[in-house]
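Report on the following structure.
No value in this document is a laboratory result; all are computed from the given coordinates. Bear in mind that the values here come from a model prediction, so they are computed numbers and not experimental data. With ideal geometry, Cβ positions are generated from the backbone for all residues, glycine too; neighbour counts draw on all protein chains shown.
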Amino acid sequence: MSGQEPAVDGAAPAPVMLEVTRGTANEEELAALIAVLGDAYANEQAEATVEEPRVSAWTRTQRPLRRPLRRDIPWGRFAG
């Protein structure tokens, strides 16, 4: 764990803060906690992927749909 969160919207990364609210933790306990949280964060980040949409060969070879009719052009030869 680098101690910094990734940047969001191009902003500078915010530092990660860890605060013990109850009891007193020694250095070994804090190191173990940081290692466990860092591993859990890395696993979550690795599993948080979006599945790419699969496009079949049938879909790739199809012609696109016809363009919609233009309603501003009159139907007959005569506009009037």
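Of note:
- Packing rank of 48-57, 34-43, where each peptide gets the mean count of other beta carbons within 10 Å, highest leading: 34-43, 48-57
- Label sites at THR61 and ALA25, each approximated as a point 7 angstrom past Cα along Cα to Cβ, lie 6.0 nm apart.
- Where Rh is the Kirkwood radius over Cα pairs, Rg/Rh for region 16-80: 1.61
- Placing a pseudo-label 7 Å from each Cα along the Cα-to-Cβ vector at ARG54 and ALA42 gives an inter-label distance of 3.1 nm.
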